[in-house]
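Colleague: Would you mind keeping the following structure in view while I ask a few things?
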Amino acid sequence: MAHTLSTLAYLVASILFILALKGLSHPRTSRRGNIMGMVGMAIAIVATLAQPGMRVGGIGLIIAGLAIGGTIGAVVANRIQMTALPQLVAAFHSLVGLAAVFVAAAALYAPTSFGIGTPGNIHAQSLVEMSLGLAIGAVTFSGSVIAFAKLAGRMSGAPILFKGQHPLNAALGVVLVLLIATFVATGGPAWLFWIIAILSFALGFLLIIPIGGADMPVVVSMLNSYSGWAAAGIGFTIGNLLLIVTGALVGASGAILSYIMCKGMNRSILNVLLGGFGADAGGAASAGAGAGGPARPVKSGSPEDAAYIMKNAGKVIIVPGYGMAVAQAQQVVREMADLLKKEGATVEYAIHPVAGRMPGHMNVLLAEANVPYDDVHELEEINPEFAEADVAYVIGANDVTNPAAKTDKSSAIYGMPILEVERAKTVFFVKRGMASGYAGVENELFFRDNTMMLFGDAKKVTQQIVQALQK
Amino acid sequence: MRAQAMAERAMAMALEARAAAGEALPGIEAHAAAAEPFLLLFTIFVLACFVGYHVVWSVTPALHSPLMGVTNAISSVIVVGAMLATGLGESWIAQAFGFLAVTLAAVNIFGGFLVTRRMLAMFQRKG
């Protein structure tokens, strides 16, 4: 009876989780969706606490764990700056991965708790599921730790490459499969469990180090997906439907996000995962410059010039990129937009799918700065409008505006969908210097007649424009 | 306490008996008993993947960051497994791992939902 009740409670929680995701189809319904997710989680926790056989001491430990973890989580969530979201999400993924490893270990040492056998005599099928949950969880953990370190600037975002990297990873993968087979065949000895754990940690580490900073949207999405598959793997191990359903939902979500990100760059997931993107091209480009190729002329202007032109513009499209996040310029960009609107201009924002360091990163930053949701547009929606725009204001974006992606077949970014800012009457390009973007490709746009470079820090330049507009 | 100990022994004996039966009757019954629950779980898993696929495609791209926040929070439902290991207390090692996993998952549950709430509140103001 009690078991039936908890199974029903888990079903209700699964449905609430699905509704939580469904709520995100529009900002209006999204908050209600998030609340449904919280209610679902609360139901799952209470139903589990009410399971028959729970001991008082154990319940005390659970509540202590929930209180400690919950406090840490709440404090972090309330203090984190929105520009630091990508690394926060990566850190959270690592915790799911590690939790999966620990639950797998708990199932190994106390199989009777989950009805999968007795210590030293666990069903073979459960051992398969356990080792899969363990391996995916461990890869998620160490991979996310590296992603976190790269995103938070604790280690260089540059790809780390060495000879024999891919053969090594492949060999490690094969060894892992063999070890899992041995683990199952020998009845699940604990020492082998921990060797699988350690090798999986190493694999996660090695898989992520060759991937560069700007490919992190794909990595974060992919680790999101992995954390779901790890939860599902543990769900199979302990025969829990809620874990299986939720794991599948999260796994699918992360996979779709990875797909969208890859499509936004016109690259295959394999190409991203093999890593090293931009490393070779960057070397070649700087070598070319060092060889003394003639410097091509660019037009550069002052913030006052830009303010003058924008003041007389009828339509301005702002194109934000990662540089805006780094400079924390979203607030002042919105101030500029407000002033332009007062002058009678229409102002819109164009967001490339891979702008920033995680899916939807720019949208959150603009929302933080109080930019109206309806002013923010996706690539397909806004591209036809550039031709009618008087000004395109590119702030902290580079590769995603490079027309070479459409014309130059030899370019590393050929085929990538771009924001067609070059079709605007005037393009302002806010940039620190003439360095290439992440792909290591020089941007054709810099040398166009209708482009004016505004050299300097994104926030300072925009502030100066705001001051000039106020005069 | 004694009743519980007896119940545990009975459980262990039942499991042994089942294992013995499995050895005695290789093939039919033991095999069916193991395979069916798995197939059922696997069916549900595949169906849930489809549900996830369709629901996530309907999410507006502007809310992809909150989507990661929510999925991160709900994937911490792994806390259920951690709670069982801690609460049933079959072995102290399992309890220790369970407790650690409960704590880690709780960071995610609270952190994930709350950071999502913060993000969504920003979209709400001018939405």
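The values are calculated or read from the model by the stated rules, or taken from the named source; none is laboratory data. Computed from a predicted structure; not experimentally measured. Heads up, the Cβs are rebuilt from the backbone with ideal geometry, glycines too, and the neighbour counts pull from every protein chain shown.
Colleague: Can you tell me how many residues in the range A:40-89 are more than 30 Å from residue A:357 (Cβ to Cβ) and without any contact (Cβ under 8 Å) to a residue 60 or more places away in the chain?
Modeller: Taking the range A:40-89 first, the residues more than 30 Å from residue A:357 (Cβ to Cβ) are A:42-67.
Still in the list and also without any contact (Cβ under 8 Å) to a residue 60 or more places away in the chain: A:42-43, A:45-67.
Within the range A:40-89, residues that are more than 30 Å from residue A:357 (Cβ to Cβ) and without any contact (Cβ under 8 Å) to a residue 60 or more places away in the chain number 25.
Colleague: Check residue A:118 against each of (1) within 22 Å of residue A:244 (Cα to Cα); (2) surrounded by fewer than 21 Cβ atoms within 10 Å (Cβ to Cβ) and name the one condition it does not meet.
Modeller: Failed condition: (1).
Colleague: Residues to consider are A:190, A:197, A:181, A:202; find the one that is modelled with pLDDT of 95 or more, within 14 Å of another protein chain (Cβ to nearest Cβ) and out of contact with any strand residue (DSSP E or B) (no Cβ under 8 Å at 6 or more places or on another chain). Break it down into steps so the answer makes sense when it comes.
Modeller: Details: A:190 fails: modelled with pLDDT of 95 or more; A:181 fails: within 14 Å of another protein chain (Cβ to nearest Cβ); A:202 fails: within 14 Å of another protein chain (Cβ to nearest Cβ).
Matching residue, one of A:190, A:197, A:181, A:202: A:197.
Colleague: Residues A:153, A:143: which one is touching a residue at least 12 places away in the same chain (Cβ under 8 Å) and either away from every other protein chain (no Cβ under 12 Å) or part of a loop (DSSP other than H, G, I, E, B) (or both)?
Modeller: Numbers: A:153 fails: touching a residue at least 12 places away in the same chain (Cβ under 8 Å).
Being touching a residue at least 12 places away in the same chain (Cβ under 8 Å) and either away from every other protein chain (no Cβ under 12 Å) or part of a loop (DSSP other than H, G, I, E, B) (or both) holds for just one of A:153, A:143, which is A:143.
Colleague: For the range A:429-442, which residues satisfy the criterion of being buried (at least 22 other Cβ atoms within 10 Å of the Cβ) and modelled with pLDDT of 80 or more?
Modeller: Listed by number, the residues that qualify are A:429, A:430, A:431.
Colleague: Still on this structure, I have one more. State yes or no: is residue B:116 over 17 Å from the mean Cα position of the chain (by Cα), at pLDDT below 95 and closer than 30 Å to residue A:27 by Cα? Outline the logic, then answer.
Modeller: Details: over 17 Å from the mean Cα position of the chain (by Cα): yes; at pLDDT below 95: no; closer than 30 Å to residue A:27 by Cα: yes.
So residue B:116 fails the test.
Colleague: Quick check, is residue B:121 farther than 26 Å from residue A:256 by Cβ, more than 7 Å from every other protein chain (Cβ to nearest Cβ) and surrounded by fewer than 24 Cβ atoms within 10 Å (Cβ to Cβ)?
Modeller: no
Colleague: If you scan the range B:78-89, which residues turn out to be without any contact (Cβ under 8 Å) to a residue 24 or more places away in the chain and crowded, with 24+ Cβ neighbours inside 10 Å?
Modeller: B:80, B:81, B:82, B:83, B:84, B:85, B:86, B:87
Colleague: Take the conditions surrounded by 18 or more Cβ atoms within 10 Å (Cβ to Cβ), among the aliphatic types (A, V, I, L, M) and out of contact with any helix residue (DSSP H, G or I) (no Cβ under 6 Å at 6 or more places or on another chain) and apply them to residue A:62. Does it pass?
Modeller: No: the conditions fail for residue A:62.
Colleague: Just name the residue that is surrounded by the most Cβ atoms within 10 Å (Cβ to Cβ) out of those in the range A:348-368 that are touching a residue at least 24 places away in the same chain (Cβ under 8 Å) and in contact with a Phe, Trp or Tyr (Cβ under 9 Å, 6 or more places away or on another chain). Working first, answer last.
Modeller: Here is the first cut: in the range A:348-368, the ones touching a residue at least 24 places away in the same chain (Cβ under 8 Å) are A:348-359, A:361-362, A:364-366, A:368.
Next cut, in contact with a Phe, Trp or Tyr (Cβ under 9 Å, 6 or more places away or on another chain) only: A:350, A:355-357, A:361-362, A:364, A:366.
Working: A:350: 29, A:355: 29, A:356: 29, A:357: 28, A:361: 28, A:362: 31, A:364: 27, A:366: 27.
Checking each candidate, the answer is A:362.
Colleague: Mind listing whichever residues of the range A:445-456 are surrounded by fewer than 18 Cβ atoms within 10 Å (Cβ to Cβ) and either hydrophobic (A, V, I, L, M, F, W, C) or touching a Gly at 6+ places or on another chain (Cβ under 9 Å) (or both)?
Modeller: Hits for the range A:445-456 are A:447, A:455.
Colleague: Next up: Tell me yes or no: at least one residue of the range B:63-73 is in a loop (DSSP other than H, G, I, E, B) and either aliphatic (A, V, I, L, M) or at the interface with chain A (Cβ under 7 Å from one of its Cβ atoms) (or both).
Modeller: Keep residues of the range B:63-73 that are in a loop (DSSP other than H, G, I, E, B), which gives none.
No - not one qualifying residue is present in the range B:63-73.
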